[in-house]
Amino acid sequence: MKNFIFQNPTKLVFGKGQIARLSELIPDDVNLMITYGGGSVTKNGVHEQVKAALKGRKFIEFWGIEANPQVETLRRAISLGKIENINYLLAVGGGSVLDGTKLIAAGIASDMDAWNIVLKGYSENNIPFGTVLTVPATGSEMNQGSVITRKETQEKYGWMGTYPQFSILDPEVTYTLSEHQIACGLADAYTHVLEQYLTTPGQSRLMDRWAEGVLLSVMEIAPKIKENPRDYNLMADYMLAATLALNDFIRMGVTQDWATHQIGHELTALHGTTHGHSLAIVMPGTLRVLKQQKHDKLLQYGERVFSITEGSEQERVDKAIEMTEEFYRSLGLTTRLSEENIGNETIEIITKRFNERGVAFGENQNVTGNVAREILKSCV
Ligand code: NZQ
Ligand code: ZN
């Protein structure tokens with residue numbers, strides 16, 4: 001196990017009716033700005049619950065943080081926040097609103113342009129914020145991550161913001177998600193675990209079992225949610241699984257991959273592919289191309305998650321990869337670029353971008369532009 005420091009300061013407030021606690025969670029004496037997406041919260045009663053919980057308090061609202069939040073929009077929120085002396089934020093929405101709010105929190109506390117903060121990769125100064133999560137998927141409600149798009153150049157990069165002070169997770173707010181949104185959310189959570197688990201074996205029994213527990217839970221609830229997306233207990237497990245998949249808990253002292261995410265971000269930046277869907281396409285390709293490097297862990301994964309015990313080692317590894325792709329398809333997602341009319345031109349753009357940036361992703365830092373090309377070609 002590698003050395004690590006663990007500190008996750010986010011207070012998780014989980015369950016039915018918990019949005020009503022907002023008033024006790026947000027300090028009394030702050031200048032508050034609430035941030036939202038495009039309006040889904042007005043259709044499912046979340047906006048009303050937030051307003052009711054904050055009755056009598058003064059706040060301003062910023063609407064219109066889009067899916068895959070754009071720096072161009074966030075700059076406007078930062079300007080407004082500075083003019084209004086905002087010193088506390090509340091993000092109400094999915095991962096995009098939360099990620100966008102992390103950049104607003106940094107931008108208000110800084111003189112740097114918001115895109116330069118993203119390129120720098122982190123921010124020392126941030127105003128505090130809390131969240132009301134409406135899409136279980138990204139883990140943004142309990143991590144530092146934030147992924148921002150620059151529309152002008154079709155670029156999408158992750159950077160490290162600050163942890164939310166608190167996050168309210170009420171599974172009932174998920175009842176209005178579409179089947180496709182749920183599929184993408186489950187795929188995202190599942191892939192987050194794979195990015196932190198499918199690397200080198202023997203680093204930590206504890207992290208392995210924890211990760212496998214989240215994978216098995218997601219696989220177990222996925223078909224049941226399809227049948228009944230309004231079952232409270234199912235949606236509660238889904239919501240908590242997505243948080244646990246990316247809140248630092250399953251990656252203590254172990255190596256991580258994240259190549260699939262980096263390639264997926266490019267598909268989203270260039271084609272608007274929904275985040276979770278981009279991962280369902282790329283992850284099986286990453287496993288096919290890196291199956292020798294990941295051989296031993298793929299065997300363990302196959303046995304413990306898919307109960308694959310028959311056949312030669314090579315056959316078992318191949319079967320584990322096939323079953324991973326099948327799982328994504330069972331959610332209702334396509335897993336091939338050709339199914340999304342994405343072709344060679346895109347593959348070459350991504351290869352060129354990675355080569356120009358000189359990047360090398362993955363647990364062994366060997367997923368360069370040329371390896372990304374191989375991965376994408378195996379996804380056609
Ligand atoms: O904008 P509104 O009108 O609110 O509609 C949203 C949006 O169109 C809608 N929605 C949200 N809650 C709803 C709802 N519709 C019905 N019922 C509800 N309860 O859903 C749409 C998508 O929302 P979005 O926030 O984009 O989804 P998600 O939570 O999947 O977030 C995706 C973003 O997070 C980033 C992704 O790259 C992407 O930009 N990620 C962030 C990570 C992190 N912070 O650690 C890690 C992830 O790997 C990921 O990269
Ligand atoms: Zn993700």
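Listing for the model above:
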quantity: Conditions (1) outside any loop (DSSP other than H, G, I, E, B); (2) surrounded by 15 or more Cβ atoms within 10 Å (Cβ to Cβ): number failed by Leu333; calculated: (1)
quantity: Single residue of Trp159, Trp115 found to be in a strand (DSSP E or B), without any contact (Cβ under 8 Å) to a residue 60 or more places away in the chain and among the aromatic types (Phe, Trp, Tyr); calculated: Trp159
quantity: Tally of residues being open to solvent by less than 10 Å² (accessible area, probe 1.4 Å) and in a helix (DSSP H, G or I) across the range 347-378; calculated: 8
quantity: Matching residues, the range 98-113, being buried (at least 20 other Cβ atoms within 10 Å of the Cβ), among the hydrophobic types (A, V, I, L, M, F, W, C) and more than 15 Å from ligand 2 (Cβ to nearest atom); calculated: Leu103, Ile104, Ala105, Ala106, Ile108, Ala109
quantity: Segments classed as helices (runs of 4 or more DSSP H), wholly inside the range 242-320, with at least 1 members that are open to solvent by less than 50 Å² (accessible area, probe 1.4 Å) and more than 29 Å from Ile350 (Cα to Cα); calculated: 295-306
quantity: Criterion: assigned to a helix (DSSP H, G or I), away from ligand 2 (no atom under 16 Å from the Cβ) and touching a residue at least 12 places away in the same chain (Cβ under 8 Å) - qualifying residue of Ile60, Ile19; calculated: Ile19
quantity: Residue match in the range 211-222 (condition: among the polar types (S, T, N, Q), away from ligand 1 (no atom under 15 Å from the Cβ) and in contact (Cβ under 8 Å) with a residue 24 or more places away in the chain); calculated: yes
quantity: Matching option when the condition is away from ligand 2 (no atom under 16 Å from the Cβ), polar (S, T, N, Q) and either in contact (Cβ under 8 Å) with a residue 40 or more places away in the chain or buried (at least 20 other Cβ atoms within 10 Å of the Cβ) (or both), among Gln144, Gln165, Gln196; calculated: Gln165
quantity: Yes/no for Glu72 being under 21 Å from Gly107 (Cβ atoms), open to solvent by 50 Å² or more (accessible area, probe 1.4 Å), assigned to a helix (DSSP H, G or I) and assigned by TED's automatic domain parsing to the domain that holds Thr149; calculated: yes
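The values are calculated or read from the model by the stated rules, or taken from the named source; none is laboratory data. Only a predicted model underlies this, so the values are computations on that prediction, with no experimental measurement involved. Cβ atoms come from the backbone with ideal geometry, glycine included; neighbour counts cover every protein chain shown. SASA here: full protein model, heavy atoms, side chains in, ligands and nucleic acids out. Shrake-Rupley method; radii C 1.70, N 1.55, O 1.52, S 1.80 Å.
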